[in-house]
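The values are calculated or read from the model by the stated rules, or taken from the named source; none is laboratory data. Keep in mind it's a predicted model, so treat the numbers as computed, not measured. Cβ atoms come from the backbone with ideal geometry, glycine included; neighbour counts cover every protein chain shown. Note: accessible area is taken over every heavy atom of the protein model, side chains too, but ligands, DNA and RNA are not part of it. Shrake-Rupley method; radii C 1.70, N 1.55, O 1.52, S 1.80 Å.
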Amino acid sequence: MELNVVNIEGKETGRTVDLPETIFGIEPNDHAIYLDVKQYLANQRQGTHKSKERAEVAGSTRKLHRQKGTGTARIGSKKSPLLRGGGRAFGPKPRDYSFKLNKKLKRLARLSALTYKAKKNAIYVVEDFTFETPKTKEFLAIQKNLGLNGVRSMFVLKERNKNIYLSSRNIQKSEVVIPEDLNTYIIMRAKTMVFTESAVAELSQFLNKKEENHE
């Protein structure tokens with residue numbers, strides 16, 4: 001799949017970039033995407049929720065009234081979950097929500113997400129650019145030239161660039177990452193992905209290297 005390379009003004013440069021079929025043209029696996037996104041969101045949970053149970057609530061353990069002869073249900077202390085101020089029955093306890101996934105499955109999910117973006121024509125390739133100083137106004141101008149105003153977009157750079165990152169930090173629905181930071185969740189969350197020209201080759205090299213390590 002070939003895409004035209006545009007400059008930061010949104011005009012075509014006359015160059016094209018080939019998106020590797022092994023990354024942007026595989027057979028998508030929806031279940032792999034589901035599992036990877038589920039794991040990512042589960043790993044973000046702190047799991048610190050806690051409610052007091054019967055044994056942890058402050059109060060007397062005295063039996064409120066006799067067992068029989070009252071004409072109503074039997075009841076113990078005021079710590080009972082049936083009473084206001086009592087402990088909670090089977091309340092939440094601190095726990096770890098994270099779980100593991102096979103590395104090959106996670107790779108398949110990421111490639112499937114990238115393939116979906118390519119099929120929806122939601123990928124742009126822009127020539128490499130940089131800022132001498134952080135300028136949010138300049139980053140907004142690039143978004144406007146690419147027609148991405150108000151669109152949840154993600155810029156993928158070859159390597160970390162502090163000035164570009166700081167320029168985009170205060171812009172809602174905008175994110176700047178490098179190939180190593182890409183995961184299925186943020187790929188699916190972004191409506192449009194903008195790769196710099198060198199980032200495409202860097203992504204291909206990074207993913208191919210990871211595949212070799214898995215074999």
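Ranked from largest to smallest solvent-accessible area, with a 1.4 Å probe on the protein heavy atoms, Lys100, Lys191 come out as Lys100, Lys191.
Computed FRET efficiency, Cβ-Cβ of Asn102 and Glu2, R0 41 Å: what is it to the nearest 0.05? Here the calculated transfer efficiency is 0.80.
The computed Rg/Rh (Cα atoms, Kirkwood Rh) for the structure shown corresponds, within (1) 0.94; (2) 1.00; (3) 1.27, to (3).
The Cβ shell under 9 Å around Ala199 holds other residues with a net charge of -3, Lys and Arg each +1, Asp and Glu each -1. Phi-derived couplings, Karplus 6.51 cos²θ - 1.76 cosθ + 1.60 at θ = phi - 60°, listed residue by residue for the range 189-201: 6, 6, 7, 9, 10, 10, 9, 6, 4, 7, 6, 5, 5 Hz, with x used for Gly and Pro.
For the pairs Lys38/Lys104; Lys119/Lys144; Lys106/Lys209; Lys117/Lys191; Lys135/Lys158; Lys11/Lys144, flag any whose C-alpha to C-alpha distance is greater than 18 Å. The pairs that break the limit, which is 18 Å between Cα atoms, are Lys119/Lys144; Lys135/Lys158.
Estimated purely from DSSP H runs of n ≥ 4, each contributing -39500 (n - 2.57), the mean residue ellipticity at 222 nm for the chain is -11000 deg cm²/dmol once divided by its residues. What separates the Cα centres of the range 159-195 and the range 93-144 is a distance of 6 Å. Toward the positive end of the charge dipole of the chain, with +1 on the Cβ of Lys and Arg and -1 on the Cβ of Asp and Glu, the farthest Cα among Val177, Gly87, Phe129 is that of Gly87. Return one number: the angle in degrees, 0 to 90 and rounded to the nearest 10, between the long axis of the Cα atoms of helix 103-119 and the longest principal axis of the Cα atoms of the chain. The angle comes out at about 60 degrees. If r is the Cβ-Cβ distance from Lys162 to Arg84 and R0 is 45 Å, what FRET efficiency results, to the nearest 0.05? Efficiency computed from Cβ-Cβ geometry: 0.20. Relative to the longest principal axis of the Cα atoms of the chain, helix 30-44 runs at roughly 60 degrees. Each other residue within a Cβ distance under 9 Å of Pro81 adds +1 if Lys or Arg and -1 if Asp or Glu, for a net charge of +2. Considering only Lys135, Lys79, Lys63, the Gaussian network model of the chain with Cα springs below 10 Å gives its largest mean-square fluctuation to Lys63. Counting only Cα atoms, the range 25-117 measures 76, 25, 20 Å along its principal axes, largest extent leading. Where the alpha-carbon atoms of the range 54-172 are placed on the principal axes, they occupy 86, 36, 24 Å, in descending order.
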